[in-house]
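Chemist: Structure provided below as C-alpha cells; questions to follow.
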Amino acid sequence: MSLLNVEGLYKTYGEKTLFDHISFHIEPKERIGLIGPNGTGKSTLLKVIAGLESFEEGDITKAGTLDIEFLEQDPEMSGDETILEYVFSGTAPIIQAMKAYEQALANLEHDPQNEVKQEALIRMQNRMDQEDAWNANLSAKTILTKLGVKNVNRRVYALSGGQKRRVAIAKNLIQPAGLLILDEPTNHLDHATIEWLEGYLSQYSGAVILVTHDRYFLNRVANRIYELSQGQLYTYKGNYEVFLEKRAEREAEAQVKETKRQNLLRRELAWLRRGAKARTTKQKARIGRVEELKDQKGLDAKNELYFAIGSHRLGKQVIEAEDITISFPDQTLVERFTDLVLPGDRIGFIGPNGVGKTSLLHCLAGKIKPTTGQLIIGQTVHIGYYTQDHKEMNEELNIIDYIKETAEIVKTADGAIVTAEQMLERFLFPRSMQRTFIRKLSGGERRRLYLLKVLMEEPNVLFLDEPTNDLDTETLSILEDYLEQFPGVVITVSHDRYFLDRVVNRLLVFEGNGRILHFQGAYSDYMEQEKELKLTESERPTDKQIEAAPKKRKKLSYKDQLEWDGIEDRIQDLEEKHQQLEASIAEAGSDFGKIQELMDEQKAVAEELEQAMYRWTELSLMIEELESN
C-alpha cells in the first residue's frame, strides 16, 4: 500500500502555474530525488506534501497515521530552548523518554555526587527500559556525533547558520517517521558528513523525498527521480544517472513529435493558402485542424552557453601569498600560508566548516588584511566575487534592469557582441520573464541572477564562495560549462564534489589549526589518495597481488567476509550486554559507587556497539555494490 497518494494537484503562484493537475504516489522505502529549475515549485511541493502549504485543487491521501518529518532550507530556531530540548521535541513516548534520560545524565555529569540526581537517573533508566528505547538512543547519539553536534545544553539561538542546520537534520533523523522530507540537506555540510549522510539515508527505514543540488549524493541515494518542469511532473525509476539517460530519450522523442507537427502545419497552411473556392465542411475542418496545431505547445529551446565571455586581459602576475597568517585572539585560521596563483589556475578550497576557507578567500581577494605576511595582487587582475551572502537586491527593479546596471552588452572571446537579454536567456531567464520584478523571484532564482551579475562584470579572476548552494542542477551545469570556457582564474570554496571534479585542477585542503595542504588534482583524485593512505602496511596489496587482481572485485575479501559472517551476532551480544548492565544498575539500589562503575562499563559497551553498527553499514553497502556489479 502506498504511504501517500496525490491526485490532480493544482496550485498557482501569481500568474505562474506551479502544479498543473499532477499525480504521483510514494511507496515504502522509496528514495525520491525531486529536481527542476529554481522557481518551478520544488520547495512548495515539499511543503504541500508536509501539510504546511495549501493547494487549489486535488487530493492528498495518507496511509493510516503516517508520521512525516520535514527539513526546511532555513529552519526556524530562534527560541531559548537548548539543543537537547530541540532535538528531542517530538511527542512520541520513546522520544520523551530519551529526552528525560539525556537530561538526567547531563545533570548528573555536572554534579556526580548528588544523590537526588543519581536517583533521578535511575528512574529515567527504568523509563528507557519500559519504552525499549536503548537502541533508539544509541542511534540518536550516533547521529549527533556524525553531524558534529556537541554540547547539547547550548541554546539554539546562539548557533551559527551551519550549526543550526546540523541540529535541524539531527532532529529530523532522530524522530520516528514513515516519510522523511529533506529540502537541500547537504547545504553547509562538509564532505565527510555528506558521505556519512549518504550511507545513513540508504539504510533509513522509512521513505525519503529530497531536493538537493549535489549530483553525487542524488545518484547514490535516490532510486526514483521526480522532475518538475513547467507545471508537469515526470517520473523516472532509477538514480540520477538513469534519469539523465531517460530524459534524453524523452526529449528526443518529443523532438520527433514536434518535427512531425511542424511538417503537418506547413502542409496544411500551404493547402489553405492555395485558396479553395468552396467553403466546404472539409475546408472548415482543415482550418480547425490548423488552428489546433498552432495552439499546441512546442518544445522550449534549450538555453545552453556555447561561448566564453571575453574577460579583461590578465597578465603573468595574478596573486602571490607569502607567509600569510590569519588569526584572532582565540584562534589561528591560517598559519604561514604561501602560494602562487598562475594564469589558468582552477583552485578548490575543501575542509570542515569553520577552519578558515572563506577567511582565506576574502584575504586573497583583498577584502581583509592578513595578520602577518605579504599579499601581492597583479595590476591587471579584475576580480569578480560571488559570496554566500550576496548583496541586498533592489526588489523594485525588474530582472533586465538589474543586469543592465552592470552591463548592457558583453563581448565573447572572439569579439562577438552578446546582449544582457541574451545572457539572461542562457541563464534560464526567458524573454517573457525578464520584466519580472525581483521581489517575485524565488531564493534560488535570485542566486542565479546574482551569479550572472558577477559574470557580467567580465572579471579575469573569479572568486566563488559556495556557488552551488541553492542553485538547481541545470544552472550548475550551465555554470560548469561556462567555467570550462572561462579564460581566467577560478578560486572556489565548495562542498559539492561533482562541481569540484568538473571545475578545479588543484586543491587547498584545510586541516584545521591553521594547516593547509596543497594537492595537485581533482577532488576524486584526492579522496582516492586519502583512502590509500589509510591502508595499513598489512592491508596494502603487494605488486603481484595488484597484477593478479581483477578489474572489479567479485566478492568480499576473506577478512571482510569473516567479519560480515559474525558481525550481527556480535551486535546482538553487545546489545544484550548493554541491557544486562542496565538491569545491574537498577539492582544496585543506593550503592552509587557500584552504579558509577557499571555506568562506565555501559558507556564503553555503547561505544563498541556504535562502532559495530557503523561497520555493519559499511559492509552492507560493499555487498550491495558487489551485487549491483
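Chemist: What's the FRET efficiency of Asp481 with Asp129 using the Cβ-Cβ distance as r and R₀ = 51 Å, to the nearest 0.05?
Modeler: That gives a FRET efficiency of 0.30.
Chemist: Given the Cα-Cα distance of Gln331 and Leu264 and 0.36 nm per residue of separation, how much length would full extension add, in nm?
Modeler: 17.0 nm is the gain from fully extending Gln331 to Leu264.
Chemist: If the limit is 26 Å between Cα atoms, which of Lys117/Lys146; Lys146/Lys603; Lys150/Lys369; Lys237/Lys559; Lys146/Lys237; Lys42/Lys367 go over it?
Modeler: Lys117/Lys146; Lys150/Lys369; Lys237/Lys559; Lys146/Lys237; Lys42/Lys367, as the Cα separations exceed 26 Å there.
Chemist: Another one. Give me a comma-separated list of calculated 3J(HN,Hα) values for the stretch 422-430, in order, Karplus coefficients 6.51, -1.76, 1.60 applied at θ = phi - 60°, integers in Hz, x for any Gly or Pro.
Modeler: My calculation for the stretch 422-430 gives 5, 5, 4, 4, 6, 9, 6, 10, x Hz in order.
Chemist: Multiply the residue separation of Glu56 and Ser89 by 0.36 nm, subtract the distance between their alpha-carbon atoms, and state the gained length in nm to one decimal.
Modeler: Net length gain for the segment: 8.7 nm.
Chemist: Hey, another quick one. With a Förster radius of 22 Å, plug the Cβ-Cβ distance of His25 and Ala248 into 1/(1 + (r/R0)^6) and report the FRET value to the nearest 0.05.
Modeler: The pair His25/Ala248 has a calculated efficiency of 0.30.
Chemist: What spacing in nm lies between the two simple spin-label points modelled at Ala63 and Glu76, each 7 Å away from Cα in the Cβ direction?
Modeler: Spacing of the two 7 Å Cα→Cβ label points: 3.1 nm.
Chemist: Could you go through the stretch 22-29 in sequence order and give the Karplus-derived ³J(HN,Hα) for each residue, using 6.51 cos²θ - 1.76 cosθ + 1.60 with θ = phi - 60°, rounded to whole Hz, and x for Gly and Pro?
Modeler: Those phi angles translate into 8, 9, 6, 9, 10, 9, x, 6 Hz.
Chemist: Can I ask one more? For the stretch 313-472, which whole-number percentage of the solvent-accessible area (1.4 Å probe, protein heavy atoms only) is attributable to carbon and sulfur atoms?
Modeler: 47
Chemist: Sticking with this one: Amide H neighbours of Arg31 under 5 Å, counting only residues 5+ apart in sequence or on other chains, H built in-plane at 1.01 Å?
Modeler: The answer is Val208, Asn223, Arg224.
Chemist: Efficiency by 1/(1 + (r/R0)^6): what FRET value for His312 and Lys367, r their Cβ-Cβ distance, R0 = 25 Å, to the nearest 0.05?
Modeler: 0.85
Chemist: I've got another one for you. Please figure out what share of the DSSP beta bridges in the stretch 343-466 is antiparallel and state it in percent, rounded to the nearest 5.
Modeler: In the stretch 343-466, DSSP labels about 50 percent of beta bridges as antiparallel.
Chemist: If you don't mind, there's one more thing I want to ask. List, in order, the whole-Hz ³J(HN,Hα) value for each residue of the stretch 38-44 obtained from phi through the Karplus relation with A = 6.51, B = -1.76, C = 1.60 and θ = phi - 60°; use x for Gly and Pro.
Modeler: Per residue, the Karplus-derived 3J(HN,Hα) values read 4, x, 7, x, 4, 5, 5 Hz.
Chemist: Which residues' amide hydrogens lie under 5 Å from the amide hydrogen of Ile326, considering only partners 5 or more residues apart or on another chain, with H built in the peptide plane?
Modeler: Amide H neighbours of Ile326, under 5 Å, 5+ apart: Leu333, Val334, Glu335, Arg336, Thr371.
Chemist: For Met128, Met393, what's the largest-to-smallest order of accessible area, 1.4 Å probe?
Modeler: Correct descending sequence by accessible area is Met393, Met128.
Chemist: What number, rounded to the nearest 500 deg cm²/dmol, is the helix-based mean residue ellipticity at 222 nm of the chain, given -39500 (n - 2.57) per DSSP H run of at least four residues and division by all its residues?
Modeler: -14500 deg cm²/dmol
Chemist: Next question, about the same structure. Provide Arg448, Arg250 ordered by accessible surface of protein heavy atoms (probe 1.4 Å), highest first.
Modeler: Arg250, Arg448
Chemist: Of all trypsin sites (Lys or Arg not before Pro) in the stretch 79-179, which ones are in loop regions per DSSP and have a Cβ with at most 12 other Cβ atoms within 10 Å?
Modeler: Lys150
Chemist: Enter the accessible area per residue of the stretch 18-114 (Å², integer; probe 1.4 Å; all protein chains in place).
Modeler: 45
Chemist: Separate question: List the residues whose amide H sits under 5 Å from the amide H of Phe349, counting only those 5 or more places along or on another chain, with H placed 1.01 Å from N in the peptide plane.
Modeler: Thr492, Val493, Ser494, Leu508
The values are calculated or read from the model by the stated rules, or taken from the named source; none is laboratory data. Since we're looking at a predicted model, the values are computed, not measured. Methodologically, a virtual Cβ is constructed for each residue, glycine included, from the backbone with ideal geometry; neighbour enumeration extends over all protein chains shown. All accessible areas refer to the heavy atoms of the entire protein, side chains included, with ligands and DNA or RNA removed. Shrake-Rupley method; radii C 1.70, N 1.55, O 1.52, S 1.80 Å.
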